[in-house]
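The next block holds one structure in the form of structure tokens; read it before the comments.
Bear in mind that the values in this text are calculations on the coordinates, not laboratory data. In this text the structure is predicted, and so the values were computed from the model without any measurement. Here the Cβ positions follow ideal geometry from the backbone for every residue, glycine too, while neighbour counts run over all protein chains shown.
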Amino acid sequence: MKKYAVIVAGGSGLRMGTAVPKQFLDLQGKPVLWHTLTSFLDAFPDLEIILVLPQAHVETGLDIIHSTYDPQRIWITTGGETRFHSVKNGLDHIHHHSVVFVHDGVRCLVTPELIRKCYEAALEKGNATPAIAAVDTIRIETVSGNEMVDRNKVRIIQTPQTFYSDIIKAAFEQDYDSDFTDEASVVERLGVKIHLVEGESTNLKITRPLDILIAEKILEEREME
């Protein structure tokens, strides 16, 4: 079956406190985004990548693509006003029945193994979203203050969120809603049951300067295995 990855890389770098958007920051001598693209290229030899970037950063994106070992499998489209609109722009380029991965461009430590796990689960269930258990105590705010919830029932959601193309493309025909915080929430609005698979604790999202240091250490340890 055909496979596409829509990789959304629209970050600005504000929380990183840098002038360079976080997807282009250096990580072991390569941009963060290069590591993300390489993991998907490694996962399947027939997977094609649709990279969604802000218009202002298309040239930088092209340079990164051409530095990968298989640039012919990657092409660029531009993003929209929100993540929802950016993902929709990427999905508009998919015209075959396929399995579609949607991934945060700054989750650069995702492994090919997790990508393949999501693919197999999506083939069976129609969709797959990686998630990990919460390890901290969780409290939620209520009208009367706050209260603790059972962390054993809490899951922290990751990407790649993976779907049959007909499911996710139909979901993104809906009007935008601010409650759509990820692709699973969009698909769920159609009444589709979301299936979770075990994610990876190392599949972190580069958001703050500390994350770069953690990512460097994880990559160093992987090289020693």
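Data overview
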item: Residue exposure sequence - MET1, MET224 - by fewest surrounding Cβ within 10 Å; result: MET224, MET1
item: The chain: calculated mean residue ellipticity at 222 nm from DSSP helix runs of at least 4, using -39500 (n - 2.57); result: -9500 deg cm²/dmol
item: Which of TYR69, TYR176 has the fewest Cβ neighbours within 10 Å, and the rest in rising order; result: TYR69, TYR176
item: Most positive-pole-ward Cα, HIS93, MET224, PRO31, against dipole of the chain from beta carbon charges; result: HIS93
item: For the chain, built as a Gaussian network whose Cα springs stay under 10 Å, the top-fluctuating residue of VAL99, VAL135, VAL187; result: VAL135
item: Among [x] 53, 40, 36; [y] 63, 31, 25; [z] 72, 59, 26, the entry that matches Cα extents along the principal axes in Å as calculated here; result: [x]
item: GluC sites (Glu not before Pro) restricted to DSSP loop in the range 173-208 with at most 16 other C-beta within 10 Å; result: GLU173, GLU200
item: Mean-position separation - Cα centroids, the range 165-217 and the range 118-138, in angstrom; result: 10 Å
item: Residues LEU213, LEU47, LEU219, LEU53, sorted so that the one with the fewest Cβ neighbours within 10 Å comes first; result: LEU213, LEU219, LEU47, LEU53
item: The range 159-168 - phi-based ³J(HN,Hα) in whole Hz, Karplus 6.51/-1.76/1.60, Gly and Pro as x; result: 10, x, 8, 10, 8, 4, 4, 5, 6, 6
item: The range 164-225: trypsin sites (Lys or Arg not before Pro) in DSSP loop, at most 11 other beta carbons within 10 Å; result: LYS193
